[in-house]
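Following: one structure in structure tokens, then a few remarks.
The values are calculated or read from the model by the stated rules, or taken from the named source; none is laboratory data. Predicted model, so just to flag it, every value in this text is computed and none were measured. Here the Cβ is made from the backbone with ideal geometry for all residues, glycine too, and neighbour counts use every protein chain on show. With ligands, DNA and RNA removed, areas are computed over all heavy atoms of the protein, side chains included. Shrake-Rupley method; radii C 1.70, N 1.55, O 1.52, S 1.80 Å.
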Amino acid sequence: IGEGDMRKYLEDNISHNNLEDRIKLLGKIPNTLIPSYLSMADLYLNYSLYEGFPLSVLEAQANGIPCFISSTITEEVLFNQNTKRLQLNRDVWVEAIKNEAKNLTRSSLQEIQTNVLSNELGEKNTVLSLYEIYNYLINKA
């Protein structure tokens, strides 16, 4: 989800490695649709050289998605045990992703889509989860 300078590079690598059926670059989508898309994700990655306090990490955590984030991102964004900070090293990330892929226990795509369409995993629950996260962070300060 989102746009950036590396889009063409990512598209080329996805194509070169025949991963078009596994990786989707959605580009910019309306904010109201983000929770639904996150609910369908198996893993959230935020590989960043510098990032302040990324709300996208909070949104992913609120959806219960396992998250891998760069060690450059502040620890204050960590809200649950499904989020791991990794050093900026390709091999570390590849190994972490491979290990997580072995542990994925998501339901079938059809069940996930049904939940999203019924809003069971959609915007309403994300807003409630984000509210809990914000309260936690405010009280932590």
Failed criterion for A41 (all others in (1) assigned to a helix (DSSP H, G or I); (2) open to solvent by less than 30 Å² (accessible area, probe 1.4 Å); (3) small (G, A, S) hold)
(1)
What is the residue count in the stretch 44-83 for residues that are hydrophobic (A, V, I, L, M, F, W, C), within 22 Å of R22 (Cα to Cα) and assigned to a helix (DSSP H, G or I)?
2
I'd like to verify a number: residues in the stretch 90-117 that are surrounded by 12 or more Cβ atoms within 10 Å (Cβ to Cβ), of a type outside the set (D, E, K, R) and modelled with pLDDT of 80 or more, how many?
4
Among (1) free of Cβ contacts under 8 Å to residues at least 60 places away in the same chain; (2) not aliphatic (A, V, I, L, M); (3) not in a loop (DSSP other than H, G, I, E, B) - the single one S36 does not satisfy:
(1)
